[in-house]
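To start, the structure under review is shown below, and the notes come after it.
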Amino acid sequence: MRQIINFLIKNKHFLLFLMLLLISLIFTIQSHSYHKSKFISSTNFLTGGIYNWRHSVSHYFGLKKENERLLIENEHLRNQLSSLTIDSFAVKHTDSTSFKTPFVFTKSLVIKNDYSKIDNYILIDKGENHSVFADMGVITDKGIIGIIENTSKNYSRVISILNSNSRINAGLKKSNQYGSLTWNGKDPNIVQLETIPRQAIIREGDTIITHGRSTIFPKGIGIGTILSYKLNQNKSYYEIDVKLFNDMTNIGFVYTIENKNAIEIKSLEK
Amino acid sequence: MNKDTILHITRFIVLVLVQALVLNHVNFLGFLNPYIYIIFILLAPININRSLFLALSFLLGLFIDMFSDSGGIHAAACIIIAFFRPIALRSAFGLSYEFQTVKLSNVRFGERLAYVLLMVLTHHIILFSLEIFNFSHILLIAKKTFFTSIFTIVITMLVLVLFRRSDS
């Protein structure tokens, strides 16, 4: 017994080193598996608060560009709205229940955005207090950004599409084939679309959209256009490079998407 | 609480904040960020209590991890270089380390560069191996380690020269 204690005392630095190393390796391994990296994250009040403070300063420098983007989006939506009201008799659709969709959009601001690492995360300034919860989709006016992974009272962390753990269902706009969207870690504006079967007819410049096969994103949200494609090694699937509509290095504001039917759908799938 | 303790605590806080708020968002050429917060580990007093030093280094890395959402990679890299710092000191400064007379502000440029180089390279190799965590991407690890190390070493040497303490 005495020898054990002596051994512990003699090697206490080394043992402490091993213990701390083990802890940090556990955190690292957790961070490489989806939905487990909750312990060390920037959503806590200290880091979230500091990032929020930083954002409140740096936000002013991008206001002009942001305004322009909002104006363009407004213009687009207004055109859509007017074509809608001309097409159908306006009177018929004044009742709000006839327009009912399960999706609710909420705006929020990006207060931290990474794009230079392999696993990138985005921090937004809405959390559980604003009824933002895990597994909600995040988009901008142009296209998708990612999925909410971890929330605190006032902040939430988004797992960006620029993350090696991210898998999002996406497909071609003109046909029903779909695959999963991944990222190879090289260019922050180009992502990869895998497992599109070779029967699909594709061309450079085709639009890729979300396919609404999960409860996270509604169908038809833009992702990007096909930049280049080739067949994979055993010639059964296409490997497609997709140029994103979003500039992932410059995201100002985003919308989170809540699906009111998510619980019902998930309970059926069980 | 003497003057030195306060200096080290201030350095710790300032380095974490500078790293998290400014240097993690540099993205020079698209992917280069200097990690200069390890200056705290470089400049820690040589006769510091080793357990305390390991714990502080772990905490430093953990704070950076929290800010950059990277799991535990900075913490792991930090405690490894903290644990092996005596070896780096011995190989860089030789005899003057054995007699505990080294002051980083008044050693020759070559020795200081060797010390910084050893520490930064070790730190970055561990950091990027853990970040990418996939040995099929070994070229990417090597590329990131190489370019980021150059960037970090240049900035670190500049900071060490600019913020040299005049009293020593």
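Residue separation times 0.36 nm, minus the C-alpha to C-alpha distance between A:Ser236 and A:Glu194: what's the value? Can you show the working numbers first?
On the way: separation 42, 0.36 × 42 = 15.12 nm, distance 1.10 nm.
Length gained between A:Ser236 and A:Glu194: 14.0 nm.
Its alpha carbons give chain A an Rg and a Dmax of 22.7, 91 Å. Between A:Leu22, A:Leu71, A:Leu172, the residue with the greatest mean-square fluctuation in the GNM of chain A (Cα pairs under 10 Å linked by springs) is A:Leu22. Applying 1/(1 + (r/R0)^6) with r as the Cβ-Cβ distance of A:Asn169 and B:Glu111 and R0 = 41 angstrom yields a FRET efficiency of 0.10.
Pairs from the list A:Lys65/A:Lys266; A:Lys243/B:Lys143; A:Lys117/A:Lys173; A:Lys107/A:Lys186; A:Lys112/B:Lys144; A:Lys65/A:Lys186 with a Cα-Cα gap above 32 Å: A:Lys65/A:Lys266. Computed from the Cβ-Cβ distance with R0 of 60 Å, the FRET efficiency linking A:Leu22 to A:Glu75 stands at 0.60.
The phi torsions of the range A:134-140, fed into the Karplus equation with coefficients 6.51, -1.76 and 1.60 and a -60° offset, translate into couplings of 4, 6, 9, x, 10, 9, 10 Hz, rounded to whole numbers, with Gly and Pro shown as x. Remark: spin-label model distance A:Asp247-A:Gln3 equals 6.9 nm, labels positioned 7 Å along the Cα→Cβ axis. Take the Cα of A:Asn129, step 7 Å toward its Cβ, do the same at A:Lys260, and the gap between the two points is 2.6 nm. Spin-label model, B:Ile150/B:Leu17: points 7 Å from Cα along the beta carbon direction are separated by 3.3 nm.
Scanning chain B for long hydrophobic helices, with DSSP H runs required to stretch 30 angstrom or more by C-alpha along their axis and to average at least 1.6 on the Kyte-Doolittle scale, returns B:138-162. Extension gain for the segment A:Thr85 to A:Arg213, taken as residue separation times 0.36 nm less the Cα-Cα distance, is 43.1 nm to one decimal. Across the range A:54-68, rounded Karplus estimates of 3J(HN,Hα) from the backbone phi angles (6.51 cos²θ - 1.76 cosθ + 1.60, θ = phi - 60°) give 4, 5, 5, 7, 6, 4, 4, 6, x, 4, 5, 4, 5, 4, 4 Hz, Gly and Pro being marked x.
What FRET efficiency would be calculated for the residue pair B:His8, A:Ile29, taking the C-beta separation as r and a Förster radius of 35 Å, to the nearest 0.05? List each step's numbers first, then the result.
Numbers: r = 32 Å, r/R0 = 0.90.
With a Förster radius of 35 Å, E is 0.65.
The mean sequence distance of close C-alpha pairs (under 8 Å, at least 6 residues apart), as a share of the length of the range B:12-168, puts its relative contact order at 25 percent. Dimensions of the range B:103-154 based on its C-alpha atoms, expressed as ranges along the principal axes with the largest first, amount to 43, 15, 11 Å.
Kirkwood hydrodynamic radius of chain B from all distinct Cα pairs, in Å?
Over chain B, the inverse of the mean reciprocal pair distance is 16.4 Å.
No lab work stands behind these numbers, since they all come straight from the coordinates. This is a predicted model, so every value here is computed, not measured. Note: ideal-geometry Cβ built from the backbone for every residue, glycine included; neighbour counts use all protein chains shown.
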